[in-house]
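Q: Submitted below is the structure of interest, expressed as structure tokens.
The values are calculated or read from the model by the stated rules, or taken from the named source; none is laboratory data. All values derive from a computational prediction rather than experimental measurement. Because the Cβ atoms are built from the backbone with ideal geometry, glycine has one as well, and the counts that use them run over all protein chains shown.
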């Protein structure tokens with residue numbers, strides 16, 4: 001597990017995000033990826049209400065193979081504990097789409113990168129904006145989980161070739177379980 005702190009607020013307070021690698025075997029990762037590849041992921045997704053749609057998504061629910069398998073690992077993260085799941089969905093971006101900066105609101109966000117290969121030149125990172133001046137990027141390493149404060153301004157970048165998938169879990173903060 002890697003922990004990274006960035007300044008995400010205008011008041012200079014620091015927000016933390018954590019990266020978890022190598023939790024799933026290659027066989028488990030392949031099963032999840034193959035499952036996602038077979039799905040008809042076609043609902044337009046909007047980063048913000050004032051932007052056009054970018055990418056497509058599909059909501060996932062308890063009982064779904066991907067939902068349940070990944071949640072089993074997520075529940076082991078110290079940041080999650082018993083936080084209530086608000087929404088779980090898979091994002092699918094086509095090459096060269098241009099996602100917008102956005103935040104997820106007052107939630108804890110967990111992203112999972114299901115793609116089976118990583119090539120630095122193929123891009124696909126998630127970018128986090130610090131103080132409106134600096135970008136911190138997290139590469140889409142296969143099987144990687146990223147846990148972060150949903151209030152951090154961030155955006156996806158697409159692959160140059162091939163579809164970029166992420167599975168996103170939005171969880172209420174303890175004390176904000178409505």
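Q: Take the residues of segment 126-157 that are touching a strand residue (DSSP E or B) at 6+ places or on another chain (Cβ under 6 Å) and part of a loop (DSSP other than H, G, I, E, B): which is farthest from residue 76 (Cα to Cα)?
A: Among those residues, the one meeting the criterion is 131.
Q: Taking the residues in segment 49-62 that are touching a residue at least 40 places away in the same chain (Cβ under 8 Å) and within 16 Å of the chain's Cα centre (by Cα) as candidates, determine which candidate is surrounded by the fewest Cβ atoms within 10 Å (Cβ to Cβ).
A: So, considering only residues that are touching a residue at least 40 places away in the same chain (Cβ under 8 Å) and within 16 Å of the chain's Cα centre (by Cα), the one surrounded by the fewest Cβ atoms within 10 Å (Cβ to Cβ) is 54.
Q: While we're on this one: What about residue 76, is it part of a loop (DSSP other than H, G, I, E, B), surrounded by fewer than 19 Cβ atoms within 10 Å (Cβ to Cβ), on the phi < 0 side of the Ramachandran plot and modelled with pLDDT under 95?
A: So residue 76 passes the test.
Q: Looking only at segment 102-125, which residues are more than 28 Å from residue 84 (Cα to Cα), surrounded by fewer than 21 Cβ atoms within 10 Å (Cβ to Cβ) and in contact with a strand residue (DSSP E or B) (Cβ under 8 Å, 6 or more places away or on another chain)?
A: 122, 123
Q: Can I ask one more? Would segment 128-137 turn up any residue that is at pLDDT 95 or above and either more than 15 Å from the chain's Cα centre (by Cα) or closer than 27 Å to residue 40 by Cβ (or both)?
A: Within segment 128-137, not a single residue is at pLDDT 95 or above and either more than 15 Å from the chain's Cα centre (by Cα) or closer than 27 Å to residue 40 by Cβ (or both).
Q: Right, another one. Yes or no: segment 30-46 includes at least one residue that is closer than 13 Å to residue 164 by Cβ and touching a helix residue (DSSP H, G or I) at 6+ places or on another chain (Cβ under 8 Å).
A: Yes, the conditions are met somewhere in segment 30-46.
Q: Suppose we filter 169, 165 for residues that are crowded, with 17+ Cβ neighbours inside 10 Å, more than 24 Å from residue 119 (Cα to Cα), at pLDDT 95 or above and in contact with a helix residue (DSSP H, G or I) (Cβ under 8 Å, 6 or more places away or on another chain); which single one remains?
A: Answer to the selection: 169.
Q: For segment 83-99, check the following and say yes or no: at least one residue is under 19 Å from residue 19 (Cα atoms), surrounded by 13 or more Cβ atoms within 10 Å (Cβ to Cβ) and over 14 Å from the mean Cα position of the chain (by Cα).
A: yes
Q: Out of all the residues in segment 47-73, which are out of contact with any helix residue (DSSP H, G or I) (no Cβ under 8 Å at 6 or more places or on another chain) and part of a helix (DSSP H, G or I)?
A: Scanning segment 47-73 gives 67, 68, 71, 72, 73.
Results for (1) modelled with pLDDT under 95; (2) farther than 23 Å from residue 141 by Cβ, shown as yes or no for each residue.
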site	(1), (2)
36	no, no
43	no, yes
60	no, no
65	no, no
80	yes, no
93	no, no
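Q: Restricting attention to segment 28-46, does a residue exist that is surrounded by fewer than 13 Cβ atoms within 10 Å (Cβ to Cβ) and touching a strand residue (DSSP E or B) at 6+ places or on another chain (Cβ under 7 Å)?
A: Yes - at least one qualifying residue is present in segment 28-46.
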